[in-house]
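Chemist: This is the structure I have questions about; it appears just below.
The values are calculated or read from the model by the stated rules, or taken from the named source; none is laboratory data. Owing to the predicted nature of the structure, the values given are computational and were not obtained by experimental measurement. Here the Cβ is made from the backbone with ideal geometry for all residues, glycine too, and neighbour counts use every protein chain on show.
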Amino acid sequence: MILENSRYQLGGVDLLEVANEFGTPVYVYDADTIADKYQQINTAFSAVKLRIKFACKALSNLSVLRYMKSLGAGLDVVSIQEAMLGVKAGFEPKEIFFSPNGVSFDEICQGVGLGLAINIDNISILEQFGHKYGNTVPCSIRLNPHIVAGGNAHIQTGHIDSKFGISIYQMRHLTRVVASDNIKVVGLHLHTGSDILDASVFTKGADILFEAAKNFKDLEFVDFGSGFKVPYKEDDAVTDMAELGKELTPRFKTFCKSYGRELELWFEPGKYIVSEAGVFLVRTNVVKQTMATVFVGVESGQNHLTRPMYYNAYHEIVNISNPEGTKRVYTVVGYICETDTFGWDRKLNEVREGDILAFKNAGAYGFTMSNNYNSRLRPAEVFIYKGKAHLIRKHEPFDDLLRNQVEIKL
Ligand SMILES: *Cc1c(COP(=O)(O)O)cnc(C)c1O
C-alpha cells in the first residue's frame, strides 16, 4: 500500500474506490506483490532444484490459488478440503503436498485416493499406511527436530511439547516401522513454526534433516517447511531470503553429493508470499471517548481478522480516508460482544465516523480464519490483477447462515 497524491493505492488501484465499489468489509490482495515475494524465494535458491508449495491455509481463495499455479507453485494443504480446493483450482494432485496433523487414517486414504503427495506426522498412522500400501504408495515423513525458534510462542511447533511431527529421537522406532512394511519414504519434512527470523534456525534444521536422511535410501526431496518472518511494523526485522539462500545452498549441495543423488529442496511458505500483499478495509462506525481512551469502533471484529486476539499479532492500521489529518491516539476495536481489540494506542490520522481504515499484513490468515460469531457475515475478497480490481468473493449473504440448519416442529 503506497500513498500517492494523497490517495492510498495497492497495485496501482485506489483503495477508497475499491471500498466504494465493492463495499466494506473487504479483503484486498495484490497479485504483483505475491509474484514479487514468490520470485524472491526462487532467486535466492536458483542454484538448487527448488519447489515452492504455497501453504494454502494462509489464503485459500480459488482465484489466488490459480494465480499461484500460474507462477509455478505447488500447494501445501493440511486438510482434505484444502486439497479439494487445490484440485478445483487446477493443481495436479501430485503437486499438492498433504501435510495434516492429527487426522484419521481414513482422511489419509482419501488423500491417497486423490493422488496427493502424502506427508505423515505420527507413527501410528505410518504403521497403518505401511500395512495398507506397503511400498506401492510413496510418502514423506514430518520430523520434529526439537528446535525452538524464539519469537511468538503461540506459533512455534518444534518444541518438546509440540504435537507436530515424529521426534528425531524416535528414529530407531521410525526406521523399524519403515523397514517392516518396506515403506517408500521419498521425502523428509520439518516445519518449526512461524515468524522465524534467524537463518541459523533453518540451517540447524537442515543439518538435522541431512543427518536423518542417512536412514532413508529412496529420498527425492527434503522439505524445510516455512516460518519466514515478515515485517508487521515499519522497522521490523525480516527473514533475509538472499542470505538464507547463500547459507543453505552450499550445505544442501554438499549433502546431495554425499547422499549420492540430486534431491529437490522444498519450502512451504504461506505468510511470506501473501501477508504483505493484502489489506483489510473496514468502515468506522463510532468514535467513542471514554475516560481512558478514544475508541474507534469499526464495522468488523475478531470474526473477520482474528490474529490480534488469537495470537496477540500486530497489524498496522491506517486511516486511508484522511491521509493528511492530524495524528491522534486511538484504540481500535471491533463490534463483536467480546473484547475484540485490534490495537491500543495507535497514532492514526484523525478518525471520523464513516472513515475507511486499512489493516496491513492482511493477506495471510485473515479471511481464512474468519467466522460467523455473533451471526455476522464474512467479508468480500478482491484481487488486484493487471492493474484492475476483481471481485473474487462476494459479501456473505444472510441465507448462508440458514443454509444447513434443519428446523424442527415445536
Ligand atoms: C502453516 C504451515 C506452513 C506455512 O507457514 P507460514 O508461517 O505461513 O509460512 C507451512 N507448512 C506447514 C506444515 C504449515 O502447517
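Chemist: Of the numbered conditions (1) more than 25 Å from the chain's Cα centre (by Cα); (2) surrounded by fewer than 16 Cβ atoms within 10 Å (Cβ to Cβ), residue 259 fails exactly one; give the number of that condition.
Modeler: Looking at each condition in turn, residue 259 falls short on (2).
Chemist: Out of the residues in region 310-333 that are assigned to a loop (DSSP other than H, G, I, E, B) and closer than 18 Å to residue 278 by Cβ, which is farthest from the chain's Cα centre (by Cα)? Steps first, please.
Modeler: Initially, region 310-333 is screened for residues assigned to a loop (DSSP other than H, G, I, E, B), giving 311-316, 320-326.
Imposing the further condition that a residue be closer than 18 Å to residue 278 by Cβ reduces the set to 311, 313-316, 320.
Details: 311: 14, 313: 14, 314: 16, 315: 15, 316: 18, 320: 26 Å.
Looking at residues that are assigned to a loop (DSSP other than H, G, I, E, B) and closer than 18 Å to residue 278 by Cβ, I get 320.
Chemist: Of these, 248, 244, 188, which one is in contact with a strand residue (DSSP E or B) (Cβ under 6 Å, 6 or more places away or on another chain) and either hydrophobic (A, V, I, L, M, F, W, C) or surrounded by fewer than 22 Cβ atoms within 10 Å (Cβ to Cβ) (or both)?
Modeler: 188
Chemist: With in contact with a Pro (Cβ under 7 Å, 6 or more places away or on another chain), away from the ligand (no atom under 16 Å from the Cβ) and either more than 28 Å from residue 67 (Cβ to Cβ) or of a type outside the set (Val, Ile, Thr) (or both) as the only criterion, which of 321, 300, 258 stands out?
Modeler: Numbers: 321 fails: in contact with a Pro (Cβ under 7 Å, 6 or more places away or on another chain); 258 fails: in contact with a Pro (Cβ under 7 Å, 6 or more places away or on another chain).
Residue meeting the stated conditions: 300.
Chemist: Please specify each residue of region 185-223 satisfying the condition of being over 16 Å from residue 138 (Cα atoms), β-branched (Val, Ile, Thr) and in contact with an Asp or Glu (Cβ under 9 Å, 6 or more places away or on another chain).
Modeler: 203
Chemist: Additional query: Which residues, taken from region 48-67, are in a helix (DSSP H, G or I) and touching a residue at least 60 places away in the same chain (Cβ under 8 Å)? Please lay out each step first, then the result.
Modeler: To start, the set of residues in region 48-67 that are in a helix (DSSP H, G or I) comprises 62-67.
Result: 62, 63, 64, 67.
Chemist: Oh, and also: Can you find a residue that is within 13 Å of the ligand (Cβ to nearest atom), farther than 20 Å from residue 118 by Cα and assigned to a loop (DSSP other than H, G, I, E, B) anywhere in region 217-227? It would help to see each step written out before you state the result.
Modeler: From region 217-227, those within 13 Å of the ligand (Cβ to nearest atom) are 223-227; that's our starting set.
With farther than 20 Å from residue 118 by Cα added as a condition, the list becomes 227.
Checking which are assigned to a loop (DSSP other than H, G, I, E, B) leaves us with 227.
Yes, region 217-227 has at least one match.
Chemist: Residue 389 is checked against (1) in a loop (DSSP other than H, G, I, E, B); (2) crowded, with 17+ Cβ neighbours inside 10 Å and fails just one. What number does that condition carry?
Modeler: (1)
Chemist: Residue 67 fails exactly one of the following numbered conditions: (1) crowded, with 20+ Cβ neighbours inside 10 Å; (2) within 15 Å of the ligand (Cβ to nearest atom); (3) assigned by TED's automatic domain parsing to the domain that holds residue 111. What is the number of that condition?
Modeler: Unmet for residue 67, out of (1) crowded, with 20+ Cβ neighbours inside 10 Å; (2) within 15 Å of the ligand (Cβ to nearest atom); (3) assigned by TED's automatic domain parsing to the domain that holds residue 111: (2).
Conditions tested, residue by residue: (1) in a strand (DSSP E or B); (2) within 18 Å of the chain's Cα centre (by Cα); (3) more than 16 Å from the ligand (Cβ to nearest atom).
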position: 233; (1), (2), (3): no, no, yes
position: 238; (1), (2), (3): no, yes, no
position: 253; (1), (2), (3): no, no, yes
position: 308; (1), (2), (3): no, yes, yes
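Chemist: Now, a different point. Given the structure, is residue 151 at pLDDT below 95, within 16 Å of the ligand (Cβ to nearest atom) and in contact with a His (Cβ under 7 Å, 6 or more places away or on another chain)?
Modeler: Numbers: at pLDDT below 95: yes; within 16 Å of the ligand (Cβ to nearest atom): yes; in contact with a His (Cβ under 7 Å, 6 or more places away or on another chain): no.
The answer is no for residue 151.
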